[in-house]
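Student: Just passing along the structure, written as structure tokens.
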Amino acid sequence: MRGFFGKAVTAAAILAMTTSLARATDVEVLHWWTSGGEAAALNVLKDMLKGEGIGWVDMPVAGGGGEAAMTTLKARVNAGDPPTAVQMLGFDIQDWAEQGALGNLDDVAAKEGWDKVIPQAIQRFAKYDGHWVAAPVNLHSTNWVWINKAALDKTGLAAPTTWDELVAVLDKMKADGITPIAHGGQPWQDATMFDSLVLAEGVDFYKKAFVDLDPAALGGSQMAEAFNRLIKLSSYLDANFSNRDWNLASAMVIKGDAGMQFMGDWAKGEFLKAGQKPGTDFVCIRFPGTQGAVAFNSDEFAMFKVGDDKKAAQEAMASAIESPKFQSAFNVVKGSVPARTDVPDTAFDDCGKKGIADLAEANAKGTLVGSMAQGHAAPAAIKNAEYDIVTGAMNGKYKDGAEAAKALADAIAAAK
Ligand code: GAL
């Protein structure tokens, strides 16, 4: 009898052990990479982890910019069951770290020398209080324009380098019978376009307004001009722009139904997924007037506090993400550039090479700024107040840019 009991216990113990072992080697990942290009990039990560014996439990929450994903995350954390790793942007990482929800990656970071190869601008978000809390995947940038090459050629004009040239190309595309600007009317996309317009007013102005939240800059004449230009650009959209997903806007440019899209370089992932080539099928340029400057965001996997059993998988995931091999393979597909400075640009296409060179230049010149639209300039409460005014301006709420700028200054004062 005793023998039987002993055996039963052993079997149960073994079962419990194998179950917990299986779980310990899995990572549950919350993310919003659901478009064709994003999913292709994510597969690079899944495959790499699989090769290292780490299982992937997928938790996708669609919605560019990650707002929906962040809502889901809150519910999971409130239920006491955070995922292992969560795609996250900028100030959101800092907010979760401040609440004590994130784990610590210092051991793996020290072992692999992350401090030396990951730029300060990225470390500023991946570290909290001097400790690594997130694994940076990449560096994206919002001040790009993606143009259909055939549509541009048809205008007989060169790729625009100034505001006036941009307007000339847009007018010509309109006359040619296509939608000049492919856009999705969602607050984060409106804000993405606005990032570029404010950056075109100058890097110092951008910092004063979006980072320092200076009331005079927020409500002044340069902000009014940026809003006037936003209102002007809104006249080049098609009738169905409202609430369109960003990747469907990219598809309009890919198909030639629209001329161009103002979007972060994740859009390139869609062009590549559709088999298009830069320089041949599409053209990538910096938003006119922002050449030499980079408004950035960095996708990072914030690591939540988990039991010791799951920590090894978390560290293995972080280590895989920071490997130069992954940084090249993933970012080539995603449209972003590596989060470390020592990855060769050899595998990247011309837009990727330009992105890497632009980043190095901006980093050296002090013209690298956190994207307002992507939560890298100010915390969520401020960002959401900015979204409201920008979307209002896109949709005819204000009689002119000056009125919108005043509304922006008031909204930020209230949100501060
Ligand atoms: C951004 C993210 C990018 C891209 C985009 C659209 O927030 O940084 O990686 O996925 O959303 O979903």
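Student: Post the alpha-carbon centroid distance, segment 231-251 to segment 138-185, in whole angstrom.
Tutor: For segment 231-251 versus segment 138-185, the Cα centre distance is 13 Å.
Student: Over 18 Å between Cα atoms, which of Lys325/Lys365; Lys268/Lys354; Lys268/Lys353; Lys46/Lys305 qualify?
Tutor: In this structure, Lys325/Lys365; Lys46/Lys305 lie more than 18 Å apart at Cα.
Student: Using only the heavy atoms of the protein chains and a 1.4 Å probe, how would Val211, Val343, Val44 rank by accessible area, largest first? Intermediate values should be presented prior to the final figure.
Tutor: Values: Val211 70, Val343 15, Val44 35 Å².
Solvent-accessible surface, decreasing: Val211, Val44, Val343.
Student: As I understand it, the value is the acute angle between the Cα axis of helix 350-365 and the longest principal axis of the Cα atoms of the chain; what does it come to in degrees, rounded to 10?
Tutor: Approximately 90 degrees, to the nearest ten.
Student: Note the angle between two axes, namely the Cα long axis of helix 246-255 and the longest principal axis of the Cα atoms of the chain, as a number of degrees from 0 to 90, rounded to the nearest 10.
Tutor: For helix 246-255, the angle is close to 60 degrees.
Student: Nearest 10 degrees, 0 to 90: what angle lies between the long axis of helix 308-322 and the longest principal axis of the chain (Cα atoms)?
Tutor: 40
Student: Something else now. For the chain, what does the accessible surface come to per residue with a 1.4 Å probe? Please give it in Å².
Tutor: Numbers: 16560 Å² over 416 residues.
On a per-residue basis, the chain sits at 40 Å².
Student: Suppose only helical runs count, i.e. DSSP H with n ≥ 4. What mean residue ellipticity at 222 nm does that imply for the chain under -39500 (n - 2.57) per run, divided by all residues and rounded to the nearest 500 deg cm²/dmol? List each step's numbers first, then the result.
Tutor: Values: 20 runs with 222 residues, N = 416.
After summing the helix terms and dividing by the residues of the chain, the value is -16000 deg cm²/dmol.
Student: Roughly to the nearest percent, how much of the accessible area of the chain is carbon and sulfur, given a 1.4 Å probe?
Tutor: Working: 9180 of 16560 Å².
Result for the chain: 55 percent of the exposed heavy-atom area is carbon or sulfur.
The values are calculated or read from the model by the stated rules, or taken from the named source; none is laboratory data. Not measured: the values here are computed from a predicted model. The accessibility values were calculated without ligands, DNA or RNA, using every heavy atom of the protein model including side chains. Shrake-Rupley method; radii C 1.70, N 1.55, O 1.52, S 1.80 Å.
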